[in-house]
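The values are calculated or read from the model by the stated rules, or taken from the named source; none is laboratory data. Every value quoted in this text rests on a predicted model; they were computed, and no experiment measured them. No Cβ is skipped: glycine too gets one built from the backbone with ideal geometry, and neighbour counts run over all protein chains shown. Surface areas here come from the heavy atoms of the whole protein model, side chains and all, with no ligands, DNA or RNA. Shrake-Rupley method; radii C 1.70, N 1.55, O 1.52, S 1.80 Å.
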Amino acid sequence: RGIDEQAPNDYINHVLIMAQAGRPEAARQLLNRLAANPQWQDNQDVLATERGLAIIEADQLRQSGRLASAYDRLAESMQQSPDDEELLLAMGRIYTDGGRQAQAEQIYTYVLTRHPESEQALQGAVQTALSNNRPRQASQLLSRYSPPQQTSETLLLSAQVARANGESLEALAL
């Protein structure tokens, strides 16, 4: 079946759903068909979907242990959108899984400076600071970037940081 040239956005969600369902090749083919149409080449939804597809593919590669391929998959999108929060977080996950905690911490901390409300970046930065045996840095990150309304994730992070700083009673209280 052909693609309705008047409604490209109708297909955008299909691309991401196919990729999340484990069919990234089919998703990429559909996205390439969309992007080949001249009227859609500068469509922001298509560009955002390309970034989303790159993240899904990279996460799938990362989870299967193919870290170099995951990195390569993100590299092109990162060149086009170097400050994209979701791309940076995906790169941080690759570095974390690859045992490159220092690089992951740099990425997560950078994301926090650009997107201070990012709970994923806060979690990544705190976890990597703890992995790098820097509990004081983790405490500073939490006090600076914790959301006013504590979530269960930030409470757990606070308890982990308190324990790492030798404050077991405070960790238990959280």
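Any residue in region 119-127 that is open to solvent by 80 Å² or more (accessible area, probe 1.4 Å) and under 27 Å from Ile12 (Cβ atoms)? Checked region 119-127: at least one residue is open to solvent by 80 Å² or more (accessible area, probe 1.4 Å) and under 27 Å from Ile12 (Cβ atoms). Scanning region 1-50 for residues that are closer than 20 Å to Glu76 by Cβ, surrounded by fewer than 13 Cβ atoms within 10 Å (Cβ to Cβ) and acidic (Asp, Glu), we see that the one that is modelled with the lowest pLDDT is Asp42. In this structure, does Gln150 turn out to be in a helix (DSSP H, G or I) and either out of contact with any His (no Cβ under 6 Å at 6 or more places or on another chain) or surrounded by fewer than 20 Cβ atoms within 10 Å (Cβ to Cβ) (or both)? Spelling it out, it is not the case that Gln150 is in a helix (DSSP H, G or I) and either out of contact with any His (no Cβ under 6 Å at 6 or more places or on another chain) or surrounded by fewer than 20 Cβ atoms within 10 Å (Cβ to Cβ) (or both). Among Tyr71, Tyr145, Tyr110, which is the only one that is aromatic (Phe, Trp, Tyr) and open to solvent by less than 60 Å² (accessible area, probe 1.4 Å)? Going through Tyr71, Tyr145, Tyr110 in turn, just one is aromatic (Phe, Trp, Tyr) and open to solvent by less than 60 Å² (accessible area, probe 1.4 Å): Tyr145. Looking only at region 58-103, residues that are among the hydroxyl-bearing types (Ser, Thr, Tyr) and either in a loop (DSSP other than H, G, I, E, B) or touching a residue at least 40 places away in the same chain (Cβ under 8 Å) (or both) come to 2 in all. Pairs are defined by a Cβ separation below 8 Å, a sequence spacing of at least 6 or placement on different chains, a first member in region 106-127 that is assigned to a loop (DSSP other than H, G, I, E, B), and a second member that is among the hydrophobic types (A, V, I, L, M, F, W, C); the pairs so defined are His115/Ala121; Ser118/Leu89; Ser118/Val111; Ser118/Leu112.
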